[in-house]
Amino acid sequence: MYQNTNTLPRAYIVPNAIVLPKDKILDKLKDVNFDVRKQIILQKKPNINLKNNSSFKEVKITHREPNKIQLETTLKESGFLVFSEIDYPGWKAYDNGKKLEIYNANYILRSIYLTQGDHNISLIYDPSSFKVGIAISSLTLLLSIAFLFYKGVFRLVDIKKNFL
């Protein structure tokens with residue numbers, strides 16, 4: 001049996017980032033000289049330092065549910081926390097209760113920038129489309145009940161007229 005010893009963990013710190021247009025990212029990832037343990041590729045330039053003195057570090061996930069992930073880590077230097085999961089809309093990231101921006105890294109992964117220090121990170125799946133769906137469904141239900149009540153009340157009035 002063959003075991004791949006070069007796999008990446010589910011969550012890890014990478015010190016540096018570069019910014020490339022989306023159509024150039026896959027070519028860079030295929031480059032044999034590109035080291036995903038030292039650098040990530042972002043699609044848009046953030047207002048943060050892309051070069052840091054930290055090093056690759058695995059981060060343990062402390063709690064995991066389908067809609068929530070929690071991690072804890074301490075960093076001596078700033079770096080990018082990368083999740084080996086697809087960057088799907090609707091996820092929100094919080095560090096010690098403060099909301100953070102999620103970056104698309106290496107074409108399909110999620111990443112957040114962390115400064116040095118202690119971090120208690122929560123990722124929560126909370127899509128706005130779900131809230132909009134609940135609002136539309138609730139409004140439709142209320143309108144349907146109102147319509148049935150309206151039709152039912154006037155029907156009772158018609159029935160009373162016929163009996164009187």
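Checking the cross-link pairs Lys30/Lys57; Lys28/Lys57; Lys24/Lys92 against a 25 Å limit on the alpha carbon distance flags Lys24/Lys92 as lying beyond it.
For Arg110, neighbours were defined as the other residues whose beta-carbon sits under 15 Å from its Cβ, and their charges (Lys and Arg +1, Asp and Glu -1) total +1. Setting aside same-chain residues fewer than 8 positions from Lys60, which aspartates and glutamates have a Cα under 12 Å from its Cα? Within reach: Glu72. Restriction of the trypsin sites (Lys or Arg not before Pro) in the stretch 51-158 to DSSP coil positions whose beta-carbon has at most 14 other beta-carbons within 10 angstrom yields Lys51, Lys60, Lys76. Around Lys22, with a cut-off of 12 angstrom between Cβ atoms, what is the net charge of the other residues, counting Lys and Arg +1 and Asp and Glu -1? The answer is +1.
Calculated mean residue ellipticity at 222 nm for the chain: -9500 deg cm²/dmol, from DSSP H runs with n ≥ 4 weighted as -39500 (n - 2.57), summed, divided by the residue count and rounded to 500.
With a simple spin-label model that places each label point 7 Å from the Cα along the Cα-to-Cβ direction, the separation between Ile61 and Asn47 comes to 3.2 nm.
Is the shape of the chain rounded, prolate or oblate, going by the alpha carbon gyration tensor and its root eigenvalues a ≥ b ≥ c, with a/c under 1.5 for rounded and a/b larger than b/c for prolate? Here the chain falls in the prolate category. Select from His63, Ile18, Thr73 the residue farthest towards the positive end of the dipole of the stretch 1-139; place +1 on Cβ of Lys and Arg, -1 on Cβ of Asp and Glu, and compute about the Cα centre. Value computed over the given set: Ile18.
Please give the helix 128-163 orientation as an angle from the longest Cα principal axis of the chain, in degrees from 0 to 90, rounded to the nearest 10. Once rounded, the angle reads 0 degrees.
Excluding ligands, DNA and RNA, what is the solvent-accessible area per residue of the chain at a probe of 1.4 Å, expressed in Å²? I get 69 Å² per residue for the chain. As a fraction of the 1.4 Å probe accessible area of the chain, surface on carbon and sulfur atoms comes out at 57 percent. Between Asn52, Gly90, Gly152, the Cα set farthest toward the positive side of the dipole of the chain (charges on each charged residue's Cβ, about the Cα centre) is that of Gly152.
The values are calculated or read from the model by the stated rules, or taken from the named source; none is laboratory data. None of the values given here were measured: they were computed from a predicted structure. Methodologically, a virtual Cβ is constructed for each residue, glycine included, from the backbone with ideal geometry; neighbour enumeration extends over all protein chains shown. Only protein heavy atoms, including side chains, enter the accessible area calculation; ligands, DNA and RNA are left aside. Shrake-Rupley method; radii C 1.70, N 1.55, O 1.52, S 1.80 Å.
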